[in-house]
Each structure stands twice: as structure tokens, then as C-alpha cells.
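All remarks here apply to the structure that follows.
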Amino acid sequence: MINCEKDLLTHLIVLTPRNARKEFRNHIFEAWEWECAYCGKDLSENTATIDHIVPKFKGGHNIKSNMCCSCSTCNKLKGSTSLDNWYTVNNPFYCRERLVKIKKWMEQNICILISK
């Protein structure tokens, strides 16, 4: 059972790189309850993708708090655009509650660092 990020990292050490990557991705999908962070669409193993909230192109990192569950449509539409420029009230999928959830998700590593 994985209860926190430390448990997840400990568990990943014993896996092959491919299985560790899959486990890490599944952990993110489960945390988002297999739902697109942007439009709320229900997803499956075959339809879920990982989106970098802050695009790698713009300095985003491969850390859990910068990755969210996304449908392929939203992932492609967002591309390398920043969250603040793409996920606005003009976006047909925009939902204030989802934006708040994404912002809280992004803050999780900051909270861990501050609490240490």
C-alpha cells in the first residue's frame, strides 16, 4: 500500500525502470481518479495521458506536482501553453473547481519542502 510519496519512491527503487515509470504514472492517474484534470472526462488505461502543467519547454519538471491526468484532446490543445494562458474562462472546458484542484496539486511539493 502506498500512503505517501516517500512510500512510492521506496517502492519504485525495486522495480525495473519501465515498471517504475508505469507505477508512477498510475499513481498520478489514481490520484486524479482517472479523470481529466481539465475537462473532467472519465479516462481509462487506454485513454489517459500525462500532461506537464508547466510545460517542459517552459521550465517544467518531471515531478508529481507538475504532472496531471489528462485526456488526449486537452493535452494536445494545451500543448506547450502555460496553464494561466490556456485554462481561462474562454476555454470551453474551464471549471473553477478544477482550476482550484490543479493549483492545490501544484503546491504539494512546496508544502513538503516548507514543512521540513
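Of the peptides 87-100, 53-66, how do they stack up when ordered by the mean number of other Cβ atoms within 10 Å, highest first?
Numbers: 87-100: 12.6, 53-66: 14.3.
The densest-packed peptide leads the list: 53-66, 87-100.
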With θ taken as phi - 60° and the coefficients 6.51, -1.76 and 1.60, list the Karplus ³J(HN,Hα) couplings across the range 27-35 in order, rounded to whole Hz; mark glycine and proline as x. 4, 5, 4, 5, 4, 8, 6, 6, 10
Set the Förster radius R0 to 25 Å, insert the Cβ-Cβ distance between ASN85 and ILE63 as r into 1/(1 + (r/R0)^6), and round the FRET efficiency to 0.05. 0.75
Largest first, please: the extent of the C-alpha atoms of the range 33-115 along each principal axis, to the nearest Å. 35, 29, 26
Across the range 81-92, in residue order, what do the Karplus-derived ³J(HN,Hα) couplings come to in whole Hz, using 6.51 cos²θ - 1.76 cosθ + 1.60 with θ = phi - 60° and x for Gly and Pro? 7, 5, 4, 5, 8, 9, 8, 10, 4, 7, 6, x
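All of the numbers you see were taken from the coordinates with simple rules; none came from a lab. What you see is a predicted model, and the numbers here were worked out from it, not measured in a lab. Quick reminder, even Gly has a Cβ in these numbers, built from the backbone with ideal geometry, and neighbours come from all protein chains shown.
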